[in-house]
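See below for the structure under consideration.
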Amino acid sequence: MATGAPSIQRQAQPVRHRPSITEMTAPQLQELREALAKVLALKPHDDRSYQFWAGIHGLPLPMYCDIAHGRPAFLPWHRAYLYRVEQALRDTGHDVMLPWWDWTKVRRVPDAYAEETRPDGHPNPMHSVRINDLAIQQGLEGRGDERSERLAQRPDTFREPGLPGTHLPTASEISRVLQYRDFQRFTSNLDDYHGNVHIWVGGHMTDIPYAAYDPIFWAHHTMIDRVWRMWQLRHPEASFPSQLRNMVMEPFHLTAGMVLDPTALGYDYSLNVTQVRP
Amino acid sequence: MERFDSDPMPLPPAVREGEYSSADLIFYDVDHSSRSFEALIFLNASDVGAASEREVEAGFAGSFVIFGHGGCFGDEGHCHVPTHHKDPFDSRPLHPLTAQAKTVEVTGALKRIGADSDSLTVTALAIVPGADGPQLRDLLSFSSMRFVAYD
C-alpha cells in the first residue's frame, strides 16, 4: 500500500518563495545576514560551511562547475547548487531563501551587498568574505596569468563593478533570450549574459576559481535560475535534452531531471514575501 | 590571437536577397582555460576597435563570453586535454577544459548589410575590462568558424 512517503518529485506544499533583494524588509535582510554569518563561522572543511560550498564551484580542487559552464548542464547544475546552498543556510535555523538581483533593473551592486557595515555597525557578511586558505594556496601555486596571481593575493573578496569595457545585460536582451524555444539555444545565450555579469562585477567574481566566494554570486545565479523558471513557464512545450535528463549534477546527488521543476524542490519566485505571525 | 579578421566569405544569393529568417556564426573549439573575456563580433566593419559602439549601425553583430578557468591549479598534466581516441567503455565526463562551441546570432547585423555586399568579413575582438578602458588581450583561440543561415 502506498504510504505517501515524501519524494523529491512530489510537489511541496506550500512552496517557499525566493524574493528580490531590493524588496526584502530590514528584518528579512537581518535574518539572511545572521544565517550567512553562521555558515561563515564554521570551519572550512565542515561540509555545512560557506567555505565548503563556495569551494565546490572553483578552488580548492576539484572544480565541479567545469561540467556546467559553456555546456548544456549550465542551468540544472547551478539550480542544484543553489538548492543545496539554500538548504545549508536554512539548516542554521533561519527561515531564509536565496534572494535574486535583477541586474536588468538594478544597474549597480545592490545596497545589501555594497554596504560594508550593517545598520548595527557590524561588518556586513554580504559585502566581503574571507576565502578558504587552501583555495588561496592552490591559486598561488597554480599556473595562472598575472590576474589569477593578483586575485590569489587578496584573501578577502573584492569587486570592481562597471569597469570600462564591461556590459550588464539589458531587459531587452533578456526578453529576446526568453523568446527562444529551443533549450540549448536559450541556455547558450543565457550562459553568455551570465558571464557578462561576472565580468561586470569584477574582482573575485570575474574568474571561476574564486567567483562563488563573493556573496553576490548567489544573488546573480538566483536571477539566472529565475530567468530559466520564467522561460519554462513561457515555453511549457519545450523539450529538455534526453541525454541530459539522467546526468548527475555532481556533487549534489541530483540528476538534471530531478531539478527541472522548482516547485518539486519546494521553491518558486516572487517579487516579495510578507509574512505575518499572530 | 587577440583580434581575428576573417577572409571575405561569399554570401549565398538567397542571403543577399534576404531569403532567410535568422543567421548564426558558430565558433568551434574555443579555449576557456585562461581568464574571462568577452568576444565582440562585427560584420563587414574592419575598422572597429575595443571602444567601438555595440550598435548594429557600427557593424556590431553580437558577442559571446568566456567565463574563464583562470589557469591550471593541479600538477603537471592536470589541465592537458587528452586528444587520443576515447575508450568506448569510459563513461567519465569530458575533460573539464575540452574546448567549447559558441554561437552568436547575427541576424540583425546581416540585415544591415543587405544586398550591399556579396561577401561577409567577420571581425572578432577579445575584450577584457580595464580601469583605463576596454583592452584587447591575447585570449581568443578557436579552430574554425561557420556561417549558417536558416530559412
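When you go through A:Ala26, A:Ala68 one by one, which is the residue that is more than 27 Å from A:Tyr193 (Cβ to Cβ) and at pLDDT below 95?
Matching residue, one of A:Ala26, A:Ala68: A:Ala26.
Can you find, within region A:84-101, the residue that is farthest from A:Pro251 (Cα to Cα) among those that are outside any helix (DSSP H, G or I) and under 13 Å from the mean Cα position of the chain (by Cα)?
Our first condition is that a residue be outside any helix (DSSP H, G or I); within region A:84-101, this holds for A:91-101.
Checking the rest, the ones that are also under 13 Å from the mean Cα position of the chain (by Cα) come to A:97-101.
Numbers: A:Met97: 21, A:Leu98: 20, A:Pro99: 23, A:Trp100: 23, A:Trp101: 26 Å.
Checking each candidate, the answer is A:Trp101.
What number of residues in region A:28-79 are under 21 Å from A:Asp225 (Cβ atoms), of a type in the set (Gly, Ala, Ser) and touching a Pro at 6+ places or on another chain (Cβ under 7 Å)?
Selection size over region A:28-79: 1.
Residue by residue through region A:128-168, note down the ones that are farther than 22 Å from B:Gly130 by Cα, in a loop (DSSP other than H, G, I, E, B) and modelled with pLDDT of 95 or more.
Hits for region A:128-168 are A:Val129, A:Ile131.
Would you mind finding the one in A:Pro119, A:Pro123 that is more than 22 Å from A:Met223 (Cβ to Cβ), modelled with pLDDT under 95, in contact with a Ser or Thr (Cβ under 7 Å, 6 or more places away or on another chain) and more than 12 Å from chain B (Cβ to nearest Cβ)?
Numbers: A:Pro119 fails: in contact with a Ser or Thr (Cβ under 7 Å, 6 or more places away or on another chain).
Result: A:Pro123 is the single residue among A:Pro119, A:Pro123 that is more than 22 Å from A:Met223 (Cβ to Cβ), modelled with pLDDT under 95, in contact with a Ser or Thr (Cβ under 7 Å, 6 or more places away or on another chain) and more than 12 Å from chain B (Cβ to nearest Cβ).
If I ask for residues that are farther than 30 Å from A:Pro62 by Cα and not small (Gly, Ala, Ser), which ones from region B:88-112 would you list? Give the derivation first.
Just the residues of region B:88-112 that are farther than 30 Å from A:Pro62 by Cα, to begin with: B:104-112.
Selection gives B:Val104, B:Glu105, B:Val106, B:Thr107, B:Leu110, B:Lys111, B:Arg112.
When you scan region B:116-124, do you find a residue that is touching a helix residue (DSSP H, G or I) at 6+ places or on another chain (Cβ under 9 Å) and crowded, with 17+ Cβ neighbours inside 10 Å, even just one?
So far as region B:116-124 goes, yes, one or more of its residues are touching a helix residue (DSSP H, G or I) at 6+ places or on another chain (Cβ under 9 Å) and crowded, with 17+ Cβ neighbours inside 10 Å.
Taking the conditions exactly as written (within 13 Å of another protein chain (Cβ to nearest Cβ), in contact with an Asp or Glu (Cβ under 8 Å, 6 or more places away or on another chain) and over 24 Å from A:Val197 (Cα atoms)), does B:Ser34 satisfy them or not? Break it down into steps so the answer makes sense when it comes.
Working: within 13 Å of another protein chain (Cβ to nearest Cβ): yes; in contact with an Asp or Glu (Cβ under 8 Å, 6 or more places away or on another chain): yes; over 24 Å from A:Val197 (Cα atoms): no.
When the stated conditions are applied, B:Ser34 does not pass them.
Could you tell me which of the residues B:Ser46, B:Ser63, B:Ser91 is surrounded by fewer than 17 Cβ atoms within 10 Å (Cβ to Cβ) and under 17 Å from the mean Cα position of the chain (by Cα)?
Numbers: B:Ser63 fails: surrounded by fewer than 17 Cβ atoms within 10 Å (Cβ to Cβ); B:Ser91 fails: under 17 Å from the mean Cα position of the chain (by Cα).
That would be B:Ser46, the only listed residue that is surrounded by fewer than 17 Cβ atoms within 10 Å (Cβ to Cβ) and under 17 Å from the mean Cα position of the chain (by Cα).
Of everything in region B:125-151 that's crowded, with 20+ Cβ neighbours inside 10 Å and touching a residue at least 24 places away in the same chain (Cβ under 8 Å), which residue is farthest from the chain's Cα centre (by Cα)? Before the answer, list the steps.
To start, the set of residues in region B:125-151 that are crowded, with 20+ Cβ neighbours inside 10 Å comprises B:125-129, B:134, B:139-140.
Filter again for touching a residue at least 24 places away in the same chain (Cβ under 8 Å), leaving B:125-128, B:134, B:139-140.
Details: B:Leu125: 9, B:Ala126: 9, B:Ile127: 12, B:Val128: 15, B:Pro134: 18, B:Leu139: 12, B:Leu140: 8 Å.
Looking at the filtered set, the residue picked out is B:Pro134.
Given the structure, is A:Ala171 exposed (fewer than 14 other Cβ atoms within 10 Å of the Cβ) and in contact (Cβ under 8 Å) with a residue 60 or more places away in the chain?
On the way: exposed (fewer than 14 other Cβ atoms within 10 Å of the Cβ): yes; in contact (Cβ under 8 Å) with a residue 60 or more places away in the chain: yes.
In short, yes.
Considering only region A:105-116, I want to know if a residue exists there that is closer than 30 Å to A:Glu173 by Cβ, β-branched (Val, Ile, Thr), surrounded by fewer than 19 Cβ atoms within 10 Å (Cβ to Cβ) and over 13 Å from the mean Cα position of the chain (by Cα).
Of region A:105-116, the ones closer than 30 Å to A:Glu173 by Cβ are A:105-115.
Adding the requirement that they be β-branched (Val, Ile, Thr) leaves A:106, A:109.
Cutting the leftovers down to surrounded by fewer than 19 Cβ atoms within 10 Å (Cβ to Cβ) gives us A:106.
If we keep only those that are over 13 Å from the mean Cα position of the chain (by Cα) too, we end up with A:106.
Within region A:105-116 (the criterion being closer than 30 Å to A:Glu173 by Cβ, β-branched (Val, Ile, Thr), surrounded by fewer than 19 Cβ atoms within 10 Å (Cβ to Cβ) and over 13 Å from the mean Cα position of the chain (by Cα)), the answer is yes, since at least one residue qualifies.
Might you check whether a residue that is in contact with a Gly (Cβ under 7 Å, 6 or more places away or on another chain), of a type in the set (A, V, I, L, M) and either within 14 Å of chain B (Cβ to nearest Cβ) or closer than 27 Å to A:Phe240 by Cα (or both) occurs anywhere in region A:69-81?
no
Counting residues that are under 28 Å from A:Asn124 (Cβ atoms) and more than 15 Å from the chain's Cα centre (by Cα), which helices (runs of 4 or more DSSP H) fully inside region A:183-260 reach at least 1?
Details: elements: A:183-201, A:216-234, A:242-245.
Filter on region A:183-260 gives A:183-201.
For A:Arg234, indicate whether it is of a type in the set (D, E, K, R) and under 18 Å from A:Pro169 (Cα atoms). Walk me through how you get there before you give the answer.
Numbers: of a type in the set (D, E, K, R): yes; under 18 Å from A:Pro169 (Cα atoms): no.
So A:Arg234 fails the test.
Go through A:Pro72, A:Pro44 for me and flag whichever is within 25 Å of A:Gln184 (Cβ to Cβ) and part of a loop (DSSP other than H, G, I, E, B). Step through it out loud before you land on a result.
Numbers: A:Pro44 fails: within 25 Å of A:Gln184 (Cβ to Cβ).
Within the list A:Pro72, A:Pro44, the selection yields A:Pro72.
Of these, A:Asp192, A:Asp214, A:Asp207, which one is charged (D, E, K, R), more than 11 Å from chain B (Cβ to nearest Cβ) and buried (at least 23 other Cβ atoms within 10 Å of the Cβ)?
Details: A:Asp192 fails: more than 11 Å from chain B (Cβ to nearest Cβ); A:Asp207 fails: more than 11 Å from chain B (Cβ to nearest Cβ).
On inspection, the qualifying residue turns out to be A:Asp214.
Could you please find all residues in region B:67-82 being more than 7 Å from chain A (Cβ to nearest Cβ) and either free of Cβ contacts under 8 Å to residues at least 24 places away in the same chain or closer than 17 Å to A:Gly195 by Cα (or both)?
Narrowing region B:67-82 to residues more than 7 Å from chain A (Cβ to nearest Cβ): B:75-82.
Correct list: B:Asp75, B:Glu76, B:Gly77, B:His78, B:His80, B:Val81, B:Pro82.
The values are calculated or read from the model by the stated rules, or taken from the named source; none is laboratory data. All figures in this text were calculated on a predicted structure; none of them were measured in a lab. Every residue, glycine among them, receives a Cβ derived from its backbone with ideal geometry; neighbour counts consider all protein chains shown.
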